[in-house]
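Notes follow once the structure below has been shown.
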Amino acid sequence: MEEDIKVIVFKLGEEEYGIEVDKVQTIERMMPVTRVPKTYTFVKGVVNLRGIVIPIIDLRGRFALPEVEYTENTRIIIVVVNDMEVGFIVDSANDVIDLNIGQIESPPEVVGGIKAKYLQGVAKISDERLLIMLDLVEVLNKNEIIQLESIEG
Amino acid sequence: MDMNQYLSMFIDESNDHLQSLNEKMLELEASPSDLSIVQVIFRSAHTLKGMAATMGYEDLASLTHQMENVLDLVRNEKLAMQDFIFDTLFKSLDALESMVQDITDGGSGKADVSAIVTSLQAIVRGENLSTNVTSTSESEASATANNDIQLDEFQYSVLDQSIAEGHRVLYIEIFIREDCQLKAVRAYMAFDLLERSGEIIKSNPSVQDIEQGEFEQGISLYYITQEDPEELRQRILNLSEMDKVKVIEMDQESLKLMSEMAAGIAEVAVTSEVVSVDPKPMPTPTPDVKSAAPKEPGKVNVGTPSRTIRVDIERLDVLMNLFSELLIDRVRLEQLASEARNTALTETVEHMSRVSSDLQNIVLKLRMVPVDTVFNRFPRMVRDLAKSLDKKIDLVITGADTELDRTVIDEIGDPLVHLIRNAVDHGIEPVADRLAAGKPEVGVVNLRAFHSGNHVFIEIEEDGRGIYRENVLKSAFKKGVVTEAQAANMSDEEVFQLLFAPGFSTAEKISDVSGRGVGLDVVKAKITSLGGHVTIISTPGKGTNFSVQLPLTLSIIAAMLVKIGSEKYAIPLASIVETAILQNNQVRTVHGNKMIEFRGSHIPLISLSRLFDIPDFDESQEQETEIIVIRKGERLAALAIDEFIGQSEIVLKSLGAYLPQIQGFSGATILGDGQVALILDPNAFIK
């Protein structure tokens with residue numbers, strides 16, 4: 001018997017992504033972000049989340065997707081991975097679904113331009129609906145970022 | 001009884017006692033004939049023993065007991081302190097420390113201390129042989145009297161009243177021979193004999209335990225009778241397989257003191273006595289034992305009532321965090337009130353501000369701990385180092401009462417240990433060299449702490465050989481840290497700073513003391529991470545001074561808030577020299593770097609807008625520029641900003657684990673409007 005997990009669903013462009021709910025602390029509306037100079041380009045800055053300073057990553061920037069204007073639907077998903085608290089800016093987040101682990105297939109080589117290493121897998125929910133499960137540890141992997149940066153110069 | 005809840009208290013207090021034992025021993029070493037110090041040591045050891053026994057750490061208790069035996073001889077002037085006795089006692093302290101450490105780490109506090117115990121016993125025995133019978137029995141008796149059984153209130157009052165009514169109250173210790181086959185039977189016989197002519201009020205072990213044979217050789221008990229103590233003793237001794245019997249007659253005072261002392265050492269009575277049983281026949285206790293008993297405990301029970309409480313540091317952290325929230329709200333309220341222009345509101349907010357600043361002071365003070373808590377381990381360390389290096393060193397500590405934030409205190413210990421080791425090992429010369437250089441043979445290491453503005457300075461200064469610029473540079477060239485061309489322009493201080501470079505060591509050979517793979521670079525990294533710096537001043541042949549500058553606290557700092565375009569930043573007030581307004585034509589360019597004249601010298605002008613890529617401000621577009629002159633040590637630089645917002649108390653917040661150590665920022669703070677502002681680290685701008 002395979003386990004069911006709860007997944008927070010969010011959108012970047014037309015794609016739907018999922019993060020396991022136990023990694024998510026809260027989902028916030030867009031709030032004022034203080035820019036931090038001299039850091040990774042996709043780090044938008046830091047926000048004050050009820051007294052705690054949390055760095056905010058633009059997930060579009062992290063995946064090298066084109067940036068868009070923030071809208072009413074823009075959300076910040078605060079996640080905790082390996083004791084790091086980080087917020088992700090996403091286009092929208094409005095669904096929680098139950099997923100059977102068996103539904104998750106290993107990631108195809110390229111999905112929507114995102115490197116496969118950030119992906120934990122792809123879950124087919126219905127014929128039309130594919131959910132891309134993110135591997136947060138990889139997304140937040142700093143060693144890899146540093147390598148990436150130095151390659152891109 | 002659930003011991004876990006007392007465990008942390010036990011650990012804290014044991015450490016306190018060990019510390020004071022160490023200190024007093026050092027003091028005693030300096031003046032070995034001062035018996036008042038021995039008294040203090042004895043008391044401390046005694047309390048420690050009692051606590052350990054209560055908590056069931058028997059190895060700890062019995063080792064302390066052996067130390068006590070030695071100290072007891074000393075304080076009764078039966079034994080003069082000698083070097084090897086000091087060494088043995090210090091070794092015992094080390095063993096005790098490692099046992100307590102083991103307990104702290106969740107261990108059982110067990111350790112093989114037989115070697116130390118043997119040498120302690122040898123010290124005691126050696127003295128026994130050379131003193132006369134009376135004195136031996138006296139010291140034996142007083143040591144015995146310390147191992148007591150605990151009386152409850154009822155038993156105590158029974159004994160107390162019996163004395164008042166003219167009965168004899170005896171404290172009896174019976175030791176059955178080790179090779180005895182039927183201990184329980186012997187014990188029963190002794191009890192039977194006693195019951196016939198009096199009443200046993202309390203015995204240790206209890207009657208049930210004795211019946212089941214669950215005891216070793218010793219039984220101690222309180223007994224009410226009309227019999228003559230000496231006669232009674234003989235009668236018990238006449239029973240077969242008795243090793244020795246001690247009978248002490250109590251009076252009301254000695255009973256009181258003994259029962260007070262006994263609190264906590266009940267459990268040690270058996271174990272510790274077993275170790276101290278001497279195979280040779282014990283001399284008979286003489287009547288003057290009786291008068292000795294009340295005298296000894298009388299010195300033990302005092303201890304000034306403490307007006308402090310121990311608080312879990314985590315609770316203080318929570319308090320601090322909550323308080324910082326309050327501080328942010330205060331600023332916010334002040335802002336709202338000034339916008340609302342409501343007099344009543346403004347007044348209330350002003351009052352609240354005053355109260356909260358007082359509160360802030362108190363909260364900050366709660367976290368302040370005297371550096372003494374770090375310094376106190378150094379005298380012992382220097383003593384041992386000096387001994388092992390065969391040097392003569394005097395450690396002079398001043399300003400030990402200077403207070404620092406607890407978080408800083410916790411971190412600063414290791415760097416200081418390293419600097420002191422360095423001073424003792426590399427700084428102070430061996431005696432022969434010192435004499436040859438015309439210096440007194442005893443080297444002096446000064447350890448100083450003092451306040452200065454918003455900082456605390458800790459200095460380690462010695463009168464040793466000093467640092468030779470050429471030696472440092474030679475080593476630096478070899479390691480490729482600097483080139484000869486670079487070196488030519490370096491000041492002495494810059495050269496000395498090279499010592500902090502990773503992998504740098506000028507020690508010719510690695511000694512036991514230093515050169516353990518940890519370099520001064522680690523020291524510097526630690527101090528820098530605490531927001532402090534180290535400077536070195538050294539005169540070849542005269543000595544060296546390492547000066548460590550530390551912030552008073554890590555949590556709340558006074559800062560200047562500034563605006564650069566639409567962005568706000570905070571600059572710690574402590575590193576600001578002054579603020580000024582500059583006409584653009586006062587800026588000069590030297591080698592492509594912008595410089596300004598400040599008090600007769602030229603200092604670099606740093607453009608924050610360019611450094612931080614600030615989109616909506618560029619000082620070169622303006623006629624005049626606001627500048628902030630900052631300082632790092634002796635060096636100055638000016639930061640160009642857009643606008644001053646004002647001075648404010650800010651709460652330091654970490655940028656979180658995800659962001660790397662970003663050049664130029666030491667953290668963030670939350671402003672009154674809820675926005676985050678980054679805190680500049682001025683040190684990063686001055687290279």
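The values are calculated or read from the model by the stated rules, or taken from the named source; none is laboratory data. Since the structure is predicted, the reported quantities are computational estimates derived from the model, not experimental observations. Positions of Cβ are generated from backbone atoms using ideal geometry, with glycine treated the same way; all protein chains shown enter the neighbour counts.
Listed here are the residues, each with its yes/no results for (1) at pLDDT 90 or above; (2) buried (at least 20 other Cβ atoms within 10 Å of the Cβ); (3) within 14 Å of chain B (Cβ to nearest Cβ).
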| site | (1), (2), (3) |
| --- | --- |
| A:VAL46 | yes, yes, yes |
| A:ILE52 | no, no, yes |
| A:PHE63 | no, no, no |
| A:VAL68 | no, no, no |
| A:ILE76 | yes, yes, yes |
| A:VAL81 | no, no, yes |
| A:MET84 | no, no, yes |
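Across region B:331-367, which residue is farthest from the other protein chains (Cβ to nearest Cβ) among those that are touching an Asp or Glu at 6+ places or on another chain (Cβ under 9 Å) and among the basic types (Lys, Arg)?
B:LYS365
Against the condition buried (at least 19 other Cβ atoms within 10 Å of the Cβ), within 14 Å of chain A (Cβ to nearest Cβ) and at pLDDT 85 or above, how does B:GLU567 come out, does it pass?
Here the answer is yes, as B:GLU567 does meet what is asked.
Inspect all residues belonging to region B:571-579 and state whether any of them is surrounded by 14 or more Cβ atoms within 10 Å (Cβ to Cβ), in contact with a Pro (Cβ under 6 Å, 6 or more places away or on another chain) and more than 14 Å from chain A (Cβ to nearest Cβ).
Checked region B:571-579: at least one residue is surrounded by 14 or more Cβ atoms within 10 Å (Cβ to Cβ), in contact with a Pro (Cβ under 6 Å, 6 or more places away or on another chain) and more than 14 Å from chain A (Cβ to nearest Cβ).
Report yes if some residue within region A:54-74 is assigned to a strand (DSSP E or B) and more than 17 Å from A:LEU140 (Cβ to Cβ); otherwise report no.
no
Inspect region B:611-627 for any residue being closer than 18 Å to B:GLY531 by Cβ and more than 10 Å from chain A (Cβ to nearest Cβ) and give the result as yes or no.
no
When you go through (1) free of Cβ contacts under 8 Å to residues at least 12 places away in the same chain; (2) within 14 Å of chain A (Cβ to nearest Cβ); (3) within 16 Å of B:ILE576 (Cα to Cα) one by one for B:ASP681, which number turns out not to apply?
That leaves (1) as the condition not met.
Could you grab me the full set of residues in region B:667-678 that are more than 7 Å from chain A (Cβ to nearest Cβ) and modelled with pLDDT of 80 or more?
Hits for region B:667-678 are B:GLY667, B:THR669, B:LEU671.
Would you be able to say whether some residue in region B:531-542 is part of a loop (DSSP other than H, G, I, E, B), in contact with a helix residue (DSSP H, G or I) (Cβ under 7 Å, 6 or more places away or on another chain) and modelled with pLDDT under 85?
Checked region B:531-542: no residue is part of a loop (DSSP other than H, G, I, E, B), in contact with a helix residue (DSSP H, G or I) (Cβ under 7 Å, 6 or more places away or on another chain) and modelled with pLDDT under 85.
Among (1) at pLDDT 80 or above; (2) of a type outside the set (D, E, K, R); (3) in a strand (DSSP E or B), which single condition is A:GLN120 missing?
(1)
Among all residue pairs at least 6 apart or on different chains, which show Cβ distances below 8 Å where the first residue, located in region A:29-42, is more than 7 Å from every other protein chain (Cβ to nearest Cβ) and surrounded by 13 or more Cβ atoms within 10 Å (Cβ to Cβ) and the second is in a loop (DSSP other than H, G, I, E, B) and not small (Gly, Ala, Ser)?
Filtered contacts from region A:29-42: A:MET30/A:TYR70; A:MET30/A:THR74.
Got a sec? Which strands (runs of 3 or more DSSP E) wholly within region B:626-687 have at least 2 residues that are over 21 Å from B:LEU550 (Cα atoms)?
The qualifying strands (runs of 3 or more DSSP E) are B:635-641, B:643-651, B:676-680.
Got a sec? Which helices (runs of 4 or more DSSP H) wholly within region B:353-434 have at least 3 residues that are under 16 Å from the mean Cα position of the chain (by Cα), among the hydrophobic types (A, V, I, L, M, F, W, C) and under 23 Å from B:LEU89 (Cα atoms)?
In region B:353-434, the matching helices (runs of 4 or more DSSP H) lie at B:378-389.
I want to confirm something. Restricting to region B:159-208 and keeping residues that are of a type outside the set (A, V, I, L, M, F, W, C) and in contact with a Gly (Cβ under 7 Å, 6 or more places away or on another chain), which single residue is surrounded by the fewest Cβ atoms within 10 Å (Cβ to Cβ)?
B:LYS183
From the list A:GLU67, A:GLU85, A:GLU105, pick out the single residue that is among the acidic types (Asp, Glu) and free of Cβ contacts under 8 Å to residues at least 12 places away in the same chain.
A:GLU67
Need pairs with beta-carbon distance below 6 Å; first residue closer than 18 Å to B:ALA115 by Cβ and within region B:75-89, second not in a loop (DSSP other than H, G, I, E, B); sequence gap 6+ or separate chains.
B:ILE85/B:ILE123; B:PHE86/B:GLU29; B:THR88/B:SER119
Tell me the residue from B:GLU643, B:GLU634 that is surrounded by fewer than 17 Cβ atoms within 10 Å (Cβ to Cβ), out of contact with any strand residue (DSSP E or B) (no Cβ under 8 Å at 6 or more places or on another chain) and away from chain A (no Cβ under 13 Å), please.
B:GLU634
For A:GLY18, are the conditions met, namely being more than 8 Å from chain B (Cβ to nearest Cβ) and at pLDDT below 85?
The answer is no for A:GLY18.
Every residue, every condition in (1) within 22 Å of B:VAL472 (Cα to Cα); (2) modelled with pLDDT under 85; (3) buried (at least 16 other Cβ atoms within 10 Å of the Cβ), yes or no:
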{"site": "B:VAL396", "(1), (2), (3)": "no, no, no"}
{"site": "B:THR402", "(1), (2), (3)": "no, no, yes"}
{"site": "B:VAL408", "(1), (2), (3)": "no, yes, yes"}
{"site": "B:ILE420", "(1), (2), (3)": "yes, no, yes"}
{"site": "B:ASP433", "(1), (2), (3)": "yes, no, no"}
{"site": "B:GLY443", "(1), (2), (3)": "no, no, yes"}
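What is the one condition in (1) over 20 Å from B:GLN19 (Cα atoms); (2) surrounded by 21 or more Cβ atoms within 10 Å (Cβ to Cβ) that B:ASP112 does not satisfy?
Status for B:ASP112: all satisfied but (2).
Please go through (1) touching a Lys or Arg at 6+ places or on another chain (Cβ under 7 Å); (2) at pLDDT 80 or above; (3) of a type outside the set (A, V, I, L, M) for B:SER139 and return the number of the only condition it doesn't satisfy.
Just one mismatch for B:SER139, condition (2).
Right, B:SER654: of a type in the set (Ser, Thr, Tyr), within 44 Å of the chain's Cα centre (by Cα) and away from chain A (no Cβ under 13 Å) or not?
Spelling it out, it is not the case that B:SER654 is of a type in the set (Ser, Thr, Tyr), within 44 Å of the chain's Cα centre (by Cα) and away from chain A (no Cβ under 13 Å).
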